[in-house]
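The values are calculated or read from the model by the stated rules, or taken from the named source; none is laboratory data. Quantities reported herein were computed from a predicted structural model and do not represent experimental measurements. With ideal geometry, Cβ positions are generated from the backbone for all residues, glycine too; neighbour counts draw on all protein chains shown. For accessibility, only protein heavy atoms count, side chains too; no ligands or nucleic acids. Shrake-Rupley method; radii C 1.70, N 1.55, O 1.52, S 1.80 Å.
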Amino acid sequence: MVDLHCHILPGLDDGPKTLKESLAMCRAAAADGIHTIVATPHRGNFVADTTAKQVLAGIKKLKKALTKHKIKIDILPGHEIHISKDLVQDVEKGVALTINNKKKYILLELPFHSVPFYVFDVIARLKEKGITPIIAHPERNTQIQADKRVMKRLVKAGASAQITGDSLTGKFGPAARRSAANLLKSGLASIIASDSHSPARPPALSEAITEATKIVGEKKTRALVESNAAEIIKEE
Ligand SMILES: [Fe+2]
C-alpha cells in the first residue's frame, strides 16, 4: 500500500519530534503492509510553514536511516499545502511541493470550518497547469459534513478527495465518520491515507480498510489504498 498523506519527517511540523519516532512510525507502516509513504509536512498554516528545501533534506536523512535500520519503506516528497491565493505560483515555482515532485497532484488543506469560495478559482488555475488538487480529509471539514453538495461541487470542479483512515474508524467522532462513509458511498473519494503524526497515531491503514470494505466492498477499497495512489505517485 501507499500512504499518500503522512507527517513522517522529524522536527518540521506537528509530526514526530525525533528521528527515532520517525523510524518507529516507518516500522509500524511496514508491518501494516505499506511500502511507500509520501512525506507531507504542513505548509502555510499556523502549525508550520516548511520549505521545499527542509522537506527534501529531511527525506534524505530519513532514507539514510531507513537503509541503516533495514526498514523497507520508500519516502517520496510532498507537502500538505494550506489553501492560499498565492498557491498556484508557489506550486509552479516549486516552493510548495507537488506529490513526488511530478507537478501532477498536490495535497490541499482547507480550513476545518469552512470552504473558502476562492477555492474554485485555485482549482481552475491548477487544472489549467495540469495539476489536480487532492483535498486532504474533507470529511473533517464542518461545512462539507453539513452539506453533501459542497464536495460534489469541488469534484465537479476538478478536485479529488483523500479520506483519513481514522475518520472511518470513528477516532475523529461521529460526524467525520458519517461524512467519510458518505463520500465513499457516493464515489467522491479516491484515496484513503493515514495523516499519521506520531508513533501514537501510526501510519497504519488496516483498520480503516476493514471499515471501508463494509461500505464499498473489497475491490473499491483496495483501489483507494493501492492502484489510485500508485497512479498518483508514478514515475513517467
Ligand atoms: Fe495532515
For this session: Restricting attention to the stretch 198-221, report how many residues are open to solvent by less than 80 Å² (accessible area, probe 1.4 Å) and within 27 Å of ALA24 (Cβ to Cβ).
Result: 14
Exercise. Does any residue of the stretch 113-122 turn out to be part of a loop (DSSP other than H, G, I, E, B) and either farther than 21 Å from VAL155 by Cα or under 14 Å from the mean Cα position of the chain (by Cα) (or both)?
Worked result: no
Exercise. Failed condition for ALA28, given (1) surrounded by fewer than 24 Cβ atoms within 10 Å (Cβ to Cβ); (2) in contact with a His (Cβ under 6 Å, 6 or more places away or on another chain), with all others met?
Worked result: (2)
Exercise. Given (1) within 16 Å of the chain's Cα centre (by Cα); (2) free of Cβ contacts under 8 Å to residues at least 40 places away in the same chain; (3) surrounded by fewer than 21 Cβ atoms within 10 Å (Cβ to Cβ); (4) within 16 Å of the ligand (Cβ to nearest atom), where does HIS35 come up short, assuming only one miss?
Worked result: (4)
For this session: Check whether at least one residue in the stretch 134-157 is modelled with pLDDT under 95, of a type outside the set (D, E, K, R) and open to solvent by 10 Å² or more (accessible area, probe 1.4 Å), and report yes or no.
Result: no
Problem set entry | Spans of helices (runs of 4 or more DSSP H) in the stretch 143-227 with at least 2 residues of a type in the set (A, V, I, L, M) | 148-157, 174-185, 206-225
For this session: Identify the residue in the stretch 83-131 that is open to solvent by 80 Å² or more (accessible area, probe 1.4 Å), in contact (Cβ under 8 Å) with a residue 12 or more places away in the chain and closer than 17 Å to LEU56 by Cβ and, among all such residues, is farthest from the ligand (Cβ to nearest atom).
Result: LYS103
